[in-house]
Amino acid sequence: MKVLECKKLMKVYDSYKGVEAVKALNNISFQVEEGEFVGIMGPSGSGKTTLLNILSGIDNATSGEVFINTINIIKMKRDKLALFRRRNIGFVFQEFNLLDSLNVRENIGFPLAVDKIKPNIIDDKVKELLDFLDIMNIEKSYPYNISGGQKQRVAVARALASDPKIIFADEPTGNLDSKSSMNIMRIFKKINDEKKATIVMVTHDPFAASFCKRIIFIKDGAIRLEINSDGDRKKFFDKVIESQGVIGGEQ
Ligand SMILES: Nc1ncnc2c1ncn2[C@@H]1O[C@H](COP(=O)(O)OP(=O)(O)O)[C@@H](O)[C@H]1O
Ligand SMILES: [Mg+2]
C-alpha cells in the first residue's frame, strides 16, 4: 500500500528585502510504500528540509500535491491538518524539540494528551514506549538533565506515541556523537523491522543513510538519482559514498 505520494512539487521562496526569489523544489514526484525506510540526501541547500516540511504539512508547497494514505493534505484546512498530522505523522527533529517544562514521561505522552486521550491509555502507551526504547530509567528526568542521545530516544518515543502511518526525520543524528548516532539508527531500523513503521529520513551522513533501504538524491530541488540496498549495510554505505561523488556539491 502507498503511504506517501507527492506529485510535481514546486516551492518558490519569494524575494524579500532585495534577496532574490529561490526555487527550492523543482517538480519533485515520488512514492513511498508501507514499511519502506527511505533516505533523502543531497548537498547543503538542495531542498531536503523544504521537501520534508512540505511532505509533513509543516510548510506549504507553491504547487503540486501530497497524499498521505491517499488523503490529499495540500487541500486541507489548517485545523483539520493539525489534527491529521497529530494522528498520522510522527516527526523527529535534529534539535530534539522536547518541552523543557515536562519530564520524559510527559514529553512522550504529550501528543496524546493534546488529543484528549484517556490518562490510563496514555500511561500504558508511554510505558510500552519507555520499554521499547530502553529509557525506563530516565522516565522522571527532565530534558536538561539527560544526554543528547537520550533526548533523541525520547523524541523518537514521542513520534511513535500516536502509532503514526509515517515517521519523518530531519537529520536525526545531526547533533549526536558517533556512538549515539549508531544507537539512534539501530532504533530506527528496529522500528522499521519490528513495528513495520514507514520512515522518511533526511540526512547528509552516509553512515546514517546506510541503514535505509532506498535513498533518493536531490540537487537544486530536483531528484537526480535513486539507489536501493540489497540488505548488506556495509556495501550500501560504499554505494552511498560513491553516489555522493556522482551528485557532487558540498554535503
Ligand atoms: N524560509 C526561507 N526563505 C527563503 N529561502 C529559503 C528558506 N528556507 C530555505 N530557503 C532556501 O531554499 C533552498 C533549500 O533550502 P533547504 O530546504 O533548507 O535545503 P537543505 O535542507 O537541503 O540544506 C536554499 O537555497 C535555501 O537558502
Ligand atoms: Mg536541511
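Computed values, structure above
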quantity: The stretch 1-21, residues that are part of a strand (DSSP E or B) and either of a type outside the set (Ser, Thr, Tyr) or closer than 16 Å to Gly57 by Cα (or both); calculated: Lys2, Val3, Leu4, Glu5, Cys6, Lys7, Lys8, Leu9, Met10, Lys11, Val12, Val19
quantity: Flag if Arg78 is over 17 Å from the mean Cα position of the chain (by Cα), buried (at least 20 other Cβ atoms within 10 Å of the Cβ) and away from ligand 1 (no atom under 12 Å from the Cβ); calculated: no
quantity: Residues located in the stretch 165-193, provided they are surrounded by 18 or more Cβ atoms within 10 Å (Cβ to Cβ) and part of a loop (DSSP other than H, G, I, E, B); calculated: Lys165, Glu171, Pro172, Thr173, Leu176
quantity: The stretch 113-164, residues that are small (Gly, Ala, Ser) and assigned to a helix (DSSP H, G or I); calculated: Ala113, Gly148, Gly149, Ala155, Ala157, Ala159
quantity: Residues that are under 25 Å from Glu242 (Cα atoms), aliphatic (A, V, I, L, M) and more than 15 Å from ligand 2 (Cβ to nearest atom), drawn from the stretch 29-69; calculated: Val32, Val38
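Conditions (1) at pLDDT below 95; (2) surrounded by fewer than 20 Cβ atoms within 10 Å (Cβ to Cβ); (3) within 16 Å of ligand 1 (Cβ to nearest atom); (4) among the aliphatic types (A, V, I, L, M), marked per residue:
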residue: Phe37; (1), (2), (3), (4): no, no, no, no
residue: Met41; (1), (2), (3), (4): no, no, yes, yes
residue: Ser46; (1), (2), (3), (4): no, no, yes, no
residue: Phe91; (1), (2), (3), (4): no, no, yes, no
residue: Asp115; (1), (2), (3), (4): yes, yes, no, no
residue: Asp123; (1), (2), (3), (4): no, yes, no, no
residue: Asp131; (1), (2), (3), (4): no, yes, no, no
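The values are calculated or read from the model by the stated rules, or taken from the named source; none is laboratory data. The shown structure was predicted, so the numbers you read here are calculated from the model rather than taken from an experiment. Because the Cβ atoms are built from the backbone with ideal geometry, glycine has one as well, and the counts that use them run over all protein chains shown.
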